[in-house]
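S.K.: Structure below; questions to follow.
Bear in mind these aren't lab numbers, they're just calculated from the coordinates by the rules spelled out. These figures come from a predicted structure and were not determined experimentally. All Cβ positions, glycine included, derive from the backbone under ideal geometry; neighbour counts span all protein chains shown.
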Amino acid sequence: MSERDQQPAGVPARETAGETASTTKPTAASKPNPALTELSDAQVAELVTSLGGKPFQARQVSHWIWKHGVTDFDQMSNVPARLRTALAENHKVHSSTVHKADLAADGTEKLLMKLHDDDTVECVIIPDGDRTTLCISTQVGCPVGCVFCASGMFGVRRNLSSGEIIEQVLVARARLHDDRRLTNIVVMGMGEPMLNLDGLLPALQRIHDADGINFGARRITVSTSGYPKQMAKFAEADPSYNLAISLHAADDELRKELVPTATATVAEIVEAAHDYFGQKNREVTFEVVLLAGKNDRRIDANKMIQVLRDVPCTVNLIPWNPVAEIVDKHGLGRPTEARVDAFADSLRDAGINVTVRRQRGADRSAACGQLRLQTLESPGA
């Protein structure tokens, strides 16, 4: 029996990193009447004038979407009622809605977004002191299949459109209270960003543009599991964004065990990081999810030192957030704080910059993809 034949009822069939996005369902942008978040300013102007509106009214419509974050045409109070009605007949402002929200005791809020085709993706609002970070997704599911990650347990369904990516930012911004504002955006949610550059790069441009959300490029970080050719294309983007690479292990054998679909070697990934620094003059962050007894040992730290000693970078250590289904399947565990601190100290002693990500939202499905996984397993949730 094939893997597809073994899929539980109601759970999407697994796609892998070797399969192209063209085999998956179309994105929201391919619909006959896409949401306005999918359209460029020129397309909004063309739409508005085709309905009898004026160019300045098209600018008003765009201003309501990007600056005020409205989700309904009736909220656009200075746009003529006739034009609002005409727009609403065949279009929506957003194509996605909040399906479920989980708020943790520490203020972390995980949102499950329902898309136009009833697929779902996650984004997470993470308050921490004066900072508020938003983690957003780029695909429905993930093709990479890291053994410790809930996002890839059922593979990838499709790429997100640029509008679906942008809407996560707009929705999150609207949910902030008490004078909080987004200070950072990390593209570290569901999916492999480098395998959806066609959706991601226009979305980031709109998020950054002064006439869009007007969010600084230096406060946006994109994370990849390591695709050197796509990373080179990403390096051509203007403006320059921060790049993080999920390394997890410094030797190819162990990394292949943790990231089964990996095709690039550690050496190739590190070379791509060097190239990015040379082109953008920005240090790359290497992310390492630490797993008890798997990649948190002194020998693992020593191998990482050998590989990264001369690379302008920061290593972000991430103690694993356990997911019951993965613990049962792979027997993985969260490392002790002592092991994490020892690993960090070894790298620091070798002159490598190190940060340690502390657990957030632990009481509310903290791991990436976990909220969606629960919904897939219990469709009525």
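S.K.: Give me the angle, in degrees from 0 to 90, between the Cα long axis of helix 162-175 and the longest principal axis of the Cα atoms of the chain, rounded to the nearest 10.
M.R.: Its long axis makes an angle of about 90 degrees.
S.K.: Picking from 336, 108, 221, which is most flexible by a Gaussian network model of the chain using Cα springs under 10 Å?
M.R.: The residue with the greatest mean-square fluctuation here is 336.
S.K.: Rounded if a/c is under 1.5, else prolate if a/b beats b/c, else oblate: with a ≥ b ≥ c from the C-alpha gyration tensor eigenvalues square-rooted, which is segment 36-90?
M.R.: In terms of gyration-tensor shape, rounded.
S.K.: Here is a further query. Return the inverse of the average 1/r over all pairs of distinct C-alpha atoms in the chain, which is the Kirkwood hydrodynamic radius, in Å to one decimal.
M.R.: 21.7 Å
S.K.: Using 0.36 nm per residue, how much length does the chain from residue 298 to residue 75 gain when fully extended, once their Cα-Cα distance is taken away? Intermediate values should be presented prior to the final figure.
M.R.: Working: separation 223, 0.36 × 223 = 80.28 nm, distance 5.81 nm.
Here the segment from residue 298 to residue 75 would lengthen by 74.5 nm.
S.K.: Continuing with this model, one more query. Beyond a 25 Å Cα-Cα separation, which of these cross-linked pairs lie in this structure: 294/329; 67/233; 92/114; 233/294; 229/256?
M.R.: 67/233; 233/294
S.K.: List the relative contact order of the chain as a percent without decimals, with contacts defined as Cα pairs under 8 Å and 6+ residues apart. Before the final figure, lay out each step's value.
M.R.: Numbers: 720 pairs, mean separation 59.7, N = 381.
It rounds to 16 percent for the chain.
S.K.: Taking neighbour counts of Cβ atoms within 10 Å as a proxy for exposure, in what order, fewest first, do 213, 65 appear?
M.R.: In increasing order of surrounding Cβ atoms, one gets 213, 65.
S.K.: Please report, in cubic angstrom per residue, the volume enclosed by the convex hull of the alpha-carbon atoms of segment 228-327.
M.R.: On the way: hull volume 10.9 nm³, N = 100.
Output value, Cα hull per residue: 109 Å³.
S.K.: Return one number: the angle in degrees, 0 to 90 and rounded to the nearest 10, between the long axis of the Cα atoms of helix 298-308 and the longest principal axis of the Cα atoms of the chain.
M.R.: 60 degrees
S.K.: Against the globular-protein guess of 2.2 N^0.38 Å, express the Cα radius of gyration of segment 117-237 as a ratio, rounded to two decimals.
M.R.: Normalised by 2.2 N^0.38 Å, the Cα Rg of segment 117-237 equals 1.04.
S.K.: Report the label-to-label distance for residue 252 and residue 345 in nanometres (one decimal), using points 7 Å from each Cα along the Cα→Cβ vector.
M.R.: Result for the modelled spin labels: 3.4 nm.
S.K.: Starting from the Cα of residue 131, step 7 Å along the direction of its Cβ; do the same at residue 54; then give the gap between the two resulting points in nm.
M.R.: According to this spin-label approximation, the distance is 4.6 nm.
S.K.: Quick one: of the DSSP bridges fully inside segment 114-206, what percent are antiparallel, nearest 5? The partial results should precede the final answer.
M.R.: Numbers: 9 of 12 bridges.
Expressed as a percentage, antiparallel bridges in segment 114-206 total about 75.
S.K.: As a check on your grasp of the helix formula, calculate [θ] at 222 nm for the chain: sum -39500 (n - 2.57) over DSSP H runs of n ≥ 4, divide by the residue count, round to the nearest 500.
M.R.: That calculation yields -10000 deg cm²/dmol at 222 nm.
S.K.: State, to one decimal in nm, how far the label point of residue 310 lies from the label point of residue 181, with both points 7 Å from Cα in the Cβ direction.
M.R.: The modelled label-to-label distance comes out at 4.4 nm.
S.K.: Suppose every K and R has +1 on its Cβ and every D and E has -1 on its Cβ; what is the size of the dipole of segment 95-377 about the Cα centre, in Debye to the nearest 20?
M.R.: The calculated dipole for segment 95-377 is roughly 220 debye.
S.K.: If you don't mind, another one. Can you give the % of DSSP beta bridges in the chain that are antiparallel, to the nearest 5?
M.R.: The answer is about 45 percent antiparallel.
S.K.: What is the gain in length, in nm to one decimal, between residue 101 and residue 68 on full extension, counting 0.36 nm per residue of separation less the C-alpha to C-alpha distance?
M.R.: 9.7 nm
S.K.: Let me ask something additional. Return the FRET efficiency for the residue pair residue 217, residue 89: r is the Cβ-Cβ distance, R0 is 41 Å, and the value is rounded to the nearest 0.05.
M.R.: 0.65
S.K.: Let me ask you something else. Cα-Cα pairs above 24 Å in segment 30-153: how many percent?
M.R.: 43 percent
S.K.: Continuing with this model, one more query. Would you mind calculating the gained length between residue 210 and residue 356 on full extension (0.36 nm times residue separation, minus the Cα-Cα distance), in nm to one decimal?
M.R.: The residue 210-residue 356 span can extend by a further 49.2 nm.
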